[in-house]
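First the structure, in the form of structure tokens, and then the observations on it.
The values are calculated or read from the model by the stated rules, or taken from the named source; none is laboratory data. Not measured: the values here are computed from a predicted model. Note that we place each Cβ from the backbone using ideal geometry, even for glycine, and neighbour counts take in every protein chain shown. In case anyone asks, the SASA skips ligands and DNA or RNA and just uses the protein heavy atoms, side chains included. Shrake-Rupley method; radii C 1.70, N 1.55, O 1.52, S 1.80 Å.
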Amino acid sequence: MLRSLVGSEMCIRDRPARTTEGAGEGSPPTMTTMQEQKTTMTTTLDIHQILKLLPHRYPFLLVDRVLDMEKGKRITALKNVTMNEPFFNGHFPHRPVMPGVLMLEAMAQAAALLSFRSLDIVPDDNTVYYFAAIDGARFKRPVEPGDQLTLEVEIERMKAGISKFKGRALVGSELACEASLMCAMRQINACLL
């Protein structure tokens with residue numbers, strides 16, 4: 001019962017805003033226009049919005065929700081770690097632990113979302129966001145099934161399609177991973193056969 005209520009609240013919260021402006025008494029509220037929605041800055045993203053921005057798909061999509069975003073500055077995102085993750089079959093069967101490189105990848109995916117939104121870019125099939133460097137990676141705590149990984153990424157600088165970020169991954173208030181990331185946005189030409 002509690003689960004269905006929580007799920008309902010999330011669905012209601014994520015629906016587009018309604019307005020009653022200009023509607024007569026007894027008239028149903030109208031949906032806000034796209035122009036009105038553009039002027040208000042969205043600071044959260046659900047999985048459907050994430051899928052429109054990132055090319056990654058299961059099992060390599062490692063961001064489930066964006067909790068908060070400040071364009072040009074920072075992002076806080078969430079990765080729910082479940083026992084169903086395919087990497088747990090071999091890492092490690094007797095004690096499942098999320099690989100550190102996947103924590104770094106999750107931070108990079110959050111950084112890509114921040115970059116796309118900061119630059120007002122909706123990437124197409126010719127836009128690729130590459131890792132360029134990882135510095136100072138430190139792993140402080142194992143991440144296990146049932147954990148919620150909170151990804152905090154801040155932009156340090158952006159110039160000529162190359163961005164540098166400082167990222168942290170936390171479980172609750174405990175630091176699991178931290179690193180400096182450098183990523184490059186590039187346009188590729190589709191191969192024609």
message = Take the conditions touching a His at 6+ places or on another chain (Cβ under 9 Å) and either at negative phi or β-branched (Val, Ile, Thr) (or both) and apply them to PRO123. Does it pass?
response = no
ask   = What are the residues in region 131-167 that are closer than 23 Å to PRO86 by Cα and in contact (Cβ under 8 Å) with a residue 40 or more places away in the chain, if any?
value = PHE131, PRO142, VAL143, GLU144, PRO145, GLY146, ASP147, GLN148, LEU149, THR150, LEU151
query = Residues of region 128-160 being out of contact with any helix residue (DSSP H, G or I) (no Cβ under 9 Å at 6 or more places or on another chain) and of a type in the set (A, V, I, L, M), which ones?
reply = VAL128, ALA132, ALA133, ALA160
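Can you list the strands (runs of 3 or more DSSP E) lying wholly within region 105-193 that have 3 or more residues being surrounded by 18 or more Cβ atoms within 10 Å (Cβ to Cβ)?
Per the criteria, 148-159, 162-171, 174-187.
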ask   = Which one of ILE155, ILE121, ILE75 is among the β-branched types (Val, Ile, Thr) and at pLDDT below 95?
value = ILE121
Whichever residue in region 54-103 is in a loop (DSSP other than H, G, I, E, B) and among the acidic types (Asp, Glu) and, among such residues, is farthest from SER163 (Cα to Cα) = GLU85
task = Consider LYS52 carefully, then state whether it is open to solvent by 60 Å² or more (accessible area, probe 1.4 Å) and under 20 Å from GLU178 (Cα atoms).
result = no
